[in-house]
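The values are calculated or read from the model by the stated rules, or taken from the named source; none is laboratory data. These numbers come from a predicted model, not from an experiment. No Cβ is skipped: glycine too gets one built from the backbone with ideal geometry, and neighbour counts run over all protein chains shown. Heads up: the accessible areas ignore ligands, DNA and RNA and are worked out on the full protein's heavy atoms, side chains in. Shrake-Rupley method; radii C 1.70, N 1.55, O 1.52, S 1.80 Å.
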Amino acid sequence: MKAPYSWLKDYVDTKLSPQDLAQRMTMAGLEAEQLTHIGEGWDNVFVGEVMTVSQHPDADRLVLVDVAAGEHRLTVVTGAPNIAAGQKVALALVGARLIDGYSEELKYKTLKPGSIRGVRSEGMVCSAKELGLSDEHEGILVLDLDAPVGTPLADYLGDTVIEFEITPNLVHAFSIFGLAREAGAIVDAPVIEPTLADLTGVELSDSLVRVEAPDLCARYNAIVMDGVTVEPAPAWMQRRLQAAGIRPVSNLVDITNYVMLEMGQPLHAFDLSFVEGETIVVREATPGEVFETLDHRIRTLTGGELLICDGVKPVGLAGVMGGVNSEIVDSTTSLLLEAANFDMVSTRQTARAQKLQTDASARFGRGLDPELAAVANARAAKLILDICPGSTIRCSQDVYPHPPIVRSIAFDSSHVSRLLGMQVEVETMLPILDRLSFQPAYDEASGFLSVQVPSWRSDVTIKEDVIEEIARIVGYDSLPATLITGTTPLVERDPIFLAERRIRQTLVAAGGFEGRGYITISDADVKRWDFNETAGLGHDLRDRPLVRLRNAIPADDNILRLSIVPNLVKSVTKNLKHERTVRLFEIGHAYLGTDPNLLPDEPSTVAIALAGQRERFDRFDPPSSEDGQLDYFDVKGMVDAVLDLFGLDDVEWTPIEHPALHPGRAGEVRYRDQRIGIAGEVHPRLAVELGVEDMRLAIAELNVQLILELAATANRPEVKVARFLPVEQDFAVVVDRGVQARTVQQSLRQFAGPLLTGIALFDVYEGPQVGEDKKSLAYRLTFTAPDRALTDAELGKVRKRIERGIQTRLDGSLRA
């Protein structure tokens, strides 16, 4: 926020320079980002008085102006249409450096003497643009009649604008008076209250305002004024608005903007002749309702937005912008002043949905003090009465059904020193809290300090907030620097973090690249992936309601993700436009709903998504692998690598049917009857929708948190270095096509006995050599004995035992 120093000094009596004041306020938590000096380059520019104006002898559109400025008196030639005798003007002498008013770009020029149509001109009367005050160049800048002639213009109009960074929690300082109030507390200077209109005796109406949405409008203050005239605002007001970054429009509009900057309360002025029935109705919009705002854009409302209406039509989008159908025009003689308190969440949602961010919505969106509305409206009424001498106040109405209760906070005063780490006496605290309007009271017997929190300090809710106020006024630079004492606590690493790090390293080693996506999905994603009570991916979604965000960005992605897969797959499809092969994984949280009034469960989750060509020379594929597309077995291999990390080598893979996954190419992985994840290829229907219909898209998702819990109970054998070389033998098992590989593997483990130390499936064959409806599964078994080298005889016995077991249990056989 831009705050002219001269404006601040109207309300706080300080002797500090602008630089020193900015430094003090920065150290107290109100950061001054930049200081801009108005008039810094106005050398050789003075306040002058126009003595005479005469016609140029050789030009119809030029005049000769005799200007006096103290010891300087000279004749200048100008074509300004608004020049007149008796005016106070800005007179630039030879050597002055001014902005070129006729250039569209910012360009400076140094004033030199010259002849214009035969008349010598030794200076120039300046426009506001040439001085850098505004873009106005149609005429000269006319100063107030009390401007001191001969004074350097920088001494008369010069100022310093301090630009403050107002964070969302400091809405009480989002105004000139708010900043002055803070400055007064910081530098211990008196604060001057703004002058308000005396509304005593003004008729109180009960039919001027009707609030039909009290939950969205806590207060609505309205004042009706007659006898107003529309004309340019006084020069002093225009200069302040321009210094603060607001373009002047007219006196009535400028007053509402001026009070918004000064008091922090947005106002709006309606032309009363356009308000049907001279009644204001505050209600929610209906779906599809249309409304034209002051920027001449037709707004279509979705329903639920707060509208300001008259007896017939909408006249304003509450907290955001007024309507073109009730704006102040040149013929306005009566107006209705609005100062209200609108719900901050509703205002933010409306402004975001309409893509309409305004100075008003920026303030309402941070949560304003409802007590401010009546004060700001009375301030605006006072300025109108002063600037429009014939104006009067007809009536007013203040709809304020539920004023907030004054908040009290009490605590042991010794807690201040204990929390800050330095001694702060009660005699120091009380004046500070008093300057901050906290109305402190101290009980000497108990040592307790109690405060009444001002209505404008919504950020102060607990005792630590009060102590922070004391600390920043005392000065953060006063806090002592001390070394840490005591025993350093033992570092306990988060097991989830350690597990995620190990998974990350493993997947990178397997050729994956880590991605990071948004944590929100849309209703379209939920429908696309068919998330429901029975069709979750990495997590069981039974009794898991969707968790929706109220202020999502973008608005459509308003559901906290149930799975990482949807957004990860989107990243894969985008990357496939530039790469032949994409292997992505992401480690993060899924958000599983619980009770509507409770936060969701957030289990750690890892998701993998693969697509593209498998290349012969890819370092992550064995040299013998054939060219083709990445598929289910690639992603399953990465899942197996993750599970091996945690000793879960005896998991069960079971085929599943999922609406979003390819039938026959999807399975879930279970350990001790608990589902810990899934792997599969995306259904062709979904692949078409995602734009990858020509590729296999393989995905997997694992519940890391559950894996870690199960790993703690796994029987992990002690690993010893074998003294004798292992022996590897291949077994080709022929079974019916419907027998699952995991059933065959379990049988091999059982019949091989304790000598078996490793098993791996390396080939699947179906064809005429094994018979119809048969398949051959080729396994490589590793045998090791801890105390001897295995003999052919021993291995022969094991082979016969396996062959008998396969025949008995699976009705299968071993191929030769």
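Run down Q23, Q34 and say which single residue is modelled with pLDDT of 90 or more, open to solvent by 70 Å² or more (accessible area, probe 1.4 Å), more than 24 Å from S127 (Cα to Cα) and touching an Asp or Glu at 6+ places or on another chain (Cβ under 7 Å).
Within the list Q23, Q34, the selection yields Q34.
Return the residues of region 419-440 that are of a type in the set (A, V, I, L, M) and part of a helix (DSSP H, G or I); say none if nothing qualifies.
Result: L419, L420, V426, M429, L430, I432, L433.
Could you pull out every one of the strands (runs of 3 or more DSSP E) wholly within region 724-788 that has 3 or more residues that are loosely packed, with under 14 Cβ neighbours inside 10 Å?
Output list reads 727-736, 756-765.
How many residues does region 289-306 contain that are hydrophobic (A, V, I, L, M, F, W, C) and surrounded by 15 or more Cβ atoms within 10 Å (Cβ to Cβ)?
Residues that pass the stated criteria total 4.
List the strands (runs of 3 or more DSSP E) inside region 139-229, counting only whole elements, that have at least 1 residues being open to solvent by 20 Å² or more (accessible area, probe 1.4 Å) and closer than 30 Å to E71 by Cα.
So the answer is 159-164.
Which numbered condition in (1) touching a residue at least 24 places away in the same chain (Cβ under 8 Å); (2) in contact with a strand residue (DSSP E or B) (Cβ under 9 Å, 6 or more places away or on another chain); (3) surrounded by 13 or more Cβ atoms within 10 Å (Cβ to Cβ) is the only one that W456 fails?
The failed condition is (2).
Have a look at T743, T782 and point out the one that is under 21 Å from D640 (Cα atoms) and in contact with a Ser or Thr (Cβ under 7 Å, 6 or more places away or on another chain).
Unique residue meeting the criteria: T782.
Just the residues that are open to solvent by less than 30 Å² (accessible area, probe 1.4 Å) and over 17 Å from T605 (Cβ atoms), please, taken from region 635-650.
G647, the sole residue that qualifies.
Table: residues versus (1) at positive phi; (2) aromatic (F, W, Y); (3) without any contact (Cβ under 8 Å) to a residue 60 or more places away in the chain.
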{"site": "V249", "(1), (2), (3)": "no, no, yes"}
{"site": "D254", "(1), (2), (3)": "no, no, yes"}
{"site": "L261", "(1), (2), (3)": "no, no, no"}
{"site": "P266", "(1), (2), (3)": "no, no, no"}
{"site": "S273", "(1), (2), (3)": "no, no, no"}
{"site": "T279", "(1), (2), (3)": "no, no, no"}
{"site": "A285", "(1), (2), (3)": "no, no, yes"}
{"site": "F291", "(1), (2), (3)": "no, yes, yes"}
{"site": "I298", "(1), (2), (3)": "no, no, yes"}
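Residue by residue, here is whether (1) among the aliphatic types (A, V, I, L, M); (2) surrounded by fewer than 24 Cβ atoms within 10 Å (Cβ to Cβ); (3) in contact with a helix residue (DSSP H, G or I) (Cβ under 9 Å, 6 or more places away or on another chain) holds:
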{"residue": "L335", "(1), (2), (3)": "yes, no, yes"}
{"residue": "A339", "(1), (2), (3)": "yes, no, yes"}
{"residue": "D343", "(1), (2), (3)": "no, yes, yes"}
{"residue": "S361", "(1), (2), (3)": "no, no, yes"}
{"residue": "L368", "(1), (2), (3)": "yes, no, yes"}
{"residue": "A380", "(1), (2), (3)": "yes, no, yes"}
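Output the strands (runs of 3 or more DSSP E) that fall wholly within region 1-64 and possess 2 or more residues being among the aliphatic types (A, V, I, L, M), or say none.
Answer list for region 1-64: 32-38, 45-55.
Within region 89-107, how many residues are under 17 Å from E138 (Cα atoms) and in a strand (DSSP E or B)?
So the answer is 5.
Go through region 235-265 residue by residue and tally those that are assigned to a helix (DSSP H, G or I) and among the small types (G, A, S).
The number of residues fulfilling the criteria is 2.
So which of A552, A499 ends up being more than 28 Å from Q674 (Cα to Cα) and either of a type in the set (G, A, S) or touching a Gly at 6+ places or on another chain (Cβ under 9 Å) (or both)?
Going through A552, A499 in turn, the sole match is A552.
Among the residues of region 538-568, write down those that are open to solvent by less than 70 Å² (accessible area, probe 1.4 Å) and acidic (D, E).
Scanning region 538-568 gives a single hit, D557.
Could you please find all residues in region 485-506 being among the hydrophobic types (A, V, I, L, M, F, W, C) and under 17 Å from Q705 (Cβ atoms)?
I496, F497, L498, A499, I503
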